[in-house]
Amino acid sequence: MTSEKTLKKVLLSPKAKLREALELLGNSPFNIIFTVGSRGEVTGCVTDGDIRRAFLRGETLDSEVNKVVRNNFISAAAGTAKSKIKNLLVKNGIRQIPLLDAEGRL
């Protein structure tokens with residue numbers, strides 16, 4: 001189980017700047033951060049690779065995260081069997097899958 005304090009280290013507004021996203025990523029225990037809506041629901045994810053590609057496209061540290069966030073991400077419901085999560089990881093070639101509650105929150 002992940003503590004609420006740890007979760008706060010990986011959540012930010014889609015209006016946040018890339019500078020803030022990089023700072024969060026540098027301190028993230030998961031190497032991924034998530035944008036959240038007004039009710040705390042996850043709306044997207046960002047990795048350092050997403051930010052690097054954005055810089056190559058000409059974005060700056062003052063650009064908004066919503067310009068690089070991936071809104072189409074793979075997630076699983078909280079309580080999903082570990083074997084199913086492992087299959088999703090392998091099948092999709094990804095390293096993290098956020099587990100979301102019924103309201104879409106981490």
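The values are calculated or read from the model by the stated rules, or taken from the named source; none is laboratory data. Just so it is clear, the structure is predicted and the values come from calculations on it, not from any experiment. Note: ideal-geometry Cβ built from the backbone for every residue, glycine included; neighbour counts use all protein chains shown. Accessible surface areas use protein heavy atoms only, side chains included; no ligands, DNA or RNA. Shrake-Rupley method; radii C 1.70, N 1.55, O 1.52, S 1.80 Å.
Remarks
- Evaluation of Glu103 against (1) out of contact with any strand residue (DSSP E or B) (no Cβ under 6 Å at 6 or more places or on another chain); (2) farther than 17 Å from Arg39 by Cβ (one fails), failing number: (2)
- Neighbours by Cβ (under 6 Å, 6+ apart or cross-chain): first from region 78-106, within 19 Å of Lys8 (Cα to Cα); second of a type in the set (Gly, Ala, Ser) and in a helix (DSSP H, G or I): none
- All positions within region 38-52 that are touching a residue at least 12 places away in the same chain (Cβ under 8 Å), more than 13 Å from Glu64 (Cβ to Cβ) and either touching a helix residue (DSSP H, G or I) at 6+ places or on another chain (Cβ under 8 Å) or part of a loop (DSSP other than H, G, I, E, B) (or both): Arg39, Gly40, Glu41, Thr47, Asp48
- Residues of region 1-47 satisfying the condition of being modelled with pLDDT of 90 or more, more than 22 Å from Glu59 (Cα to Cα), open to solvent by less than 80 Å² (accessible area, probe 1.4 Å) and over 12 Å from the mean Cα position of the chain (by Cα): Gly37, Gly40
- Evaluation of Ile33 against the conditions (1) in contact with a helix residue (DSSP H, G or I) (Cβ under 6 Å, 6 or more places away or on another chain); (2) of a type outside the set (S, T, N, Q); (3) touching a residue at least 24 places away in the same chain (Cβ under 8 Å) shows that the sole unmet condition is (3).
- Selection count where residues are open to solvent by 50 Å² or more (accessible area, probe 1.4 Å) and hydroxyl-bearing (Ser, Thr, Tyr), scope region 76-106: 1
- Listed conditions (1) open to solvent by 60 Å² or more (accessible area, probe 1.4 Å); (2) assigned to a loop (DSSP other than H, G, I, E, B); (3) without any contact (Cβ under 8 Å) to a residue 12 or more places away in the chain are all met by Gly58, apart from (1).
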